[in-house]
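The values are calculated or read from the model by the stated rules, or taken from the named source; none is laboratory data. Worth saying up front: this structure is predicted, and the values here are computed from it rather than measured. Cβ placement follows ideal geometry from the backbone for every residue including glycine, while neighbour counts extend to all protein chains displayed. Heads up: the accessible areas ignore ligands, DNA and RNA and are worked out on the full protein's heavy atoms, side chains in. Shrake-Rupley method; radii C 1.70, N 1.55, O 1.52, S 1.80 Å.
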Amino acid sequence: KMSSGAADLRQRKKQSYAESDKMAPEERNKENSKLGKLPKYMLIQRFAKLFFGCLAAVTSGMMYAVYLSTYHERKFWFSSRQELEREITFQGDSAIYYSFYKELLKAPSFERGVYELTHNNKTVSLKTINAVQQMTLYPELIASVLYQASGSEEVIEPVYFYIGIVFGLQGIYVTALFVTSWVMTWFIINRTDTTRIDYSIPSRENWALPYFACQVAALTGYLKKNLNCSAEKFCYLLVSASTYTFMMMWEYSHYLLFVQAVSLFLLDSFALAQTKKVHEVYKIYLFSLFLGYLLQFENSTLLVSPLLSLVAALMLSKCLQMNMKKTTFVSRLLKIMYIYLVLTVTVTLNFVLKMFVPHKENEHLLKFIEVKLGLNTTKNFTMNWLLCQESLQAPSQDFFLRLTQSSLLPFYILVLIICLFSVTQVIFRRICGEPLKETVKLEDGRIGERPEIVYHVIHTILLGCLAMCLEGMKYLWTPYVCMLAAFGVCSPELWMTLFKWLRLKAVHPVLLALILSMAVPTIIGFSLWKEFFPRIMTELSELQEFYDPDTVELMTWIKRQAPVAAVFAGSPQLMGVIKLCTGWMVSSLPLYNDDDLLKRNENIYQIYSKRSAEDIYKILTSYKANFLIIEDSICNEVGPVRGCRVKDLLDIANGHVVCEEGDSYAYSKYGRFCHEIKMNYSPYVNYFTRVYWNRSYFVYRVNTVISFQS
C-alpha cells in the first residue's frame, strides 16, 4: 500500500507540472510581482529594446508602404493618366470591387448606397444579388465611409484614397510580421512571392492578411509563458479584434483560421502550452463565427465551416480530457483516443451540419479537391479551367530558385530543422512524463519548450504543405517563411540549442550564441543590401509602360454609342472592366464563389466553342444580352500548355475531341463560332450584326428580329 501511495504521489506531482496553466490566481500574481522587482538596469534594457524594436517595426512598415506606392506609380504612370485609363489597370475581380466603391460614393447617402448594394439588380442581367454578402464588400464600405467622413473629397481623388488605404494596410502587414519576428530582412526582396498587390490591389486578401498578421503577432505574445496580466489582457483583446476583422474582410478567412486552429489543437494535445489559453482562443473563434454569421446577413457558410466543427468538437471533448490522467499507461492511451475522438467528432459534426443547415458553400471546391487529388476525373469546363490556373497548380522550380537566390530558403530550412528537432525532443520528454520548465533560460538551449515557437513551427509546416500543392498558397506561406527565418537567425536561443547538441566547449556557448545572433543577421543584411538594393532602386526609377489603347477605345465607344439599358456579354474578365469603366450591365462576372455565376461564365464562354449560331443566340438571349464582344486574344489563343486554352477546354466539355493514337483532335460539324462570325455570312449575319471592331475586340449586336437571308 505504501509503495502504491508513493507512486500515486509521484504521479500527482507530475500532473501538477503538466497543469501549470491551472495555477491559482494568487500564485500567478506572486510570479508577476517577482518579475516586477527586476533591477533598474534590466528594466532600462527591456524598455530600450521595446522602444527601438517598435520604432524599427513602424519604420519598416512605413517604408514598405511608400515603396509600394512609388513602384505602382512607376509601373502604371498613374498620376499622368485619365480616369478611364487608371480604371483599366484594375483587372478581373479587382475591377468589380472598385466599381462598387465608386457606386457607394455616387449614392445620395451612405444608407442608400448600402441598400442598392444589398439589393443590386444593375450589375448582372436577370439577377438580383446581395453584393455586400456575396462579394464581401466590407472593405469598400469602410473606405467610402472614411473618404466621406474625413472630408477628403476636396483633397484627394477617390482612387488615390482607396489604393492609399490598401498600401497602408500592407505597411501594417509588414509591421506585424516585424513584431512577430523582430526582424524583416527578406520581405521586399521576395515581393513577387509574398504579395499579389502588384496586379490586384483591391483583392480581398490584400485587405484581410494585414489583420491576420496582427492576429498572429498578438497570439504569439499571448502564448508566451510568465506573461504579466496587463500584457496578457492586451494580447487577448488584440487577438479577438483582429480575428473578427479578418473574418469579415475575406470570405475564405475561416479556412485559414481552421489551419491555425489545427496548429493550436496539436500544440495543446502534446501539453506544450497552457490549456486555458488555447481554449480561450477557441472561444474567440466561436464568438467571431457567431458575430460574423449575424453581420454577414446570416451567412450559413460559416455554420458549416470546418472551423466551427473543429472548435465545437474540441469544446465538447474538453471535459473528457480532465479525467484522463489516472495512470501512465491509461493517460497515454486516452491521449491517443482523445485526438482520434476530436477528429471523428469534427468530421461527423461537419457532415451533420451540412445535412440540416441550408447553405451555399461552394460545392465546386469539393469537386476540385477530388480532381486535384486524383480521386476523380471530369470533363467539366469549370473544373478543368480551375485546374489550369497557375495559382492552383503545384509551385514551379522558379519559385524555389528565387527563394534560394535571396538566401531565404536555406536559412528557413536551417531554422525549421533546429526548431523541429527541439520540439520533437520536448514531446518525447512529455511522453516520458518529464514536466516542462516554468522558465526556460538561455543557457538551457531548449527553444522547443517555448509554446509560441512550437505553434509557429506547426503552423508553418501546415501552410508549407498547402503551398506545395497550390502555388497560390505561397502568398500565405512565404511571409511566414520570412518571419520564421528572420526570427531564427536573430535568436540566441536557437543558436544555443544547436550548441547544446554539438556539446561545444572550446568557446563559451552563451557568449557565442549572443555574438552569432547579431553577426549572422548583420552579414545577411549587408550581403542582401549589396546584391538587391540596386535592383530595387532600378525598379523604383524605371518608368514602365502600361497602355492598352484598344481597351480604352472599346470603353469610349460603349459610353458614347451603346444604349444605357444595354447588356453586354463576353469573357468574365472583360465584363469586370466594362462594369467598372462604363457602369453598363453585364451577363457575367469574374467571381468564382457562386455556382450560378460559374454556370453563367461557362455558358457565355461557348462563344469560343464549335457550336452553331443558333445555339449561341439562344444562350445570349436567355440572359437578355444585347451586345456580344469577341476577344481576339482568346479566339486565337496560343497557350504555353496545350489543353489549357479556353477553346481546348470547351471542346473537351462539349465532346468535340477525338483521340487517335495518343493525339487528340477537335471535331464538330460547326466551325469555331468566334472565327465563323467574322466571315459575315449566313446564318451568322441573321442573328448578329457587327457594330464596332478594332485590333483586339469585335462587338456584335444581338438581333431582336432575326432576318433569314441567303
Could you figure out which of (1) out of contact with any strand residue (DSSP E or B) (no Cβ under 7 Å at 6 or more places or on another chain); (2) at pLDDT below 95; (3) farther than 21 Å from Thr556 by Cβ; (4) not β-branched (Val, Ile, Thr) isn't true of Cys581?
(3)
Of the criteria (1) open to solvent by less than 10 Å² (accessible area, probe 1.4 Å); (2) in contact (Cβ under 8 Å) with a residue 40 or more places away in the chain; (3) more than 24 Å from Thr136 (Cα to Cα), which one His279 fails:
(2)
I'd like to check which helices (runs of 4 or more DSSP H) are fully inside region 185-268 and have at least 2 residues that are of a type in the set (Gly, Ala, Ser) and touching a residue at least 12 places away in the same chain (Cβ under 8 Å).
204-223, 229-249
Is it the case that some residue within region 54-64 is open to solvent by 50 Å² or more (accessible area, probe 1.4 Å), touching a residue at least 24 places away in the same chain (Cβ under 8 Å) and not in a helix (DSSP H, G or I)?
no
Would it be correct to say that Leu84 is open to solvent by less than 60 Å² (accessible area, probe 1.4 Å), of a type in the set (A, V, I, L, M) and in a helix (DSSP H, G or I)?
yes
Looking at region 563-595, which of its residues are of a type in the set (Gly, Ala, Ser) and open to solvent by less than 10 Å² (accessible area, probe 1.4 Å)?
Ala566, Ala569, Gly570, Ser571, Gly576, Ser587, Ser588
Which condition number does Ala312 fail, the rest of (1) surrounded by fewer than 18 Cβ atoms within 10 Å (Cβ to Cβ); (2) over 21 Å from the mean Cα position of the chain (by Cα); (3) at pLDDT 90 or above; (4) of a type outside the set (Phe, Trp, Tyr) being met?
(1)
Within region 219-232, track down each residue that is of a type outside the set (A, V, I, L, M) and closer than 14 Å to Val281 by Cβ.
Thr220, Gly221, Tyr222, Lys224, Glu232
Go through region 277-297 and give me each residue that's assigned to a helix (DSSP H, G or I) and either in contact with a Lys or Arg (Cβ under 7 Å, 6 or more places away or on another chain) or at positive phi (or both).
His279
Check on Ala467, assigned to a helix (DSSP H, G or I), open to solvent by less than 10 Å² (accessible area, probe 1.4 Å) and at pLDDT 90 or above
yes
In region 492-520, residue nearest to Leu403 (Cα to Cα) [restricted to those that are touching a residue at least 60 places away in the same chain (Cβ under 8 Å) and surrounded by 19 or more Cβ atoms within 10 Å (Cβ to Cβ)]
Leu494
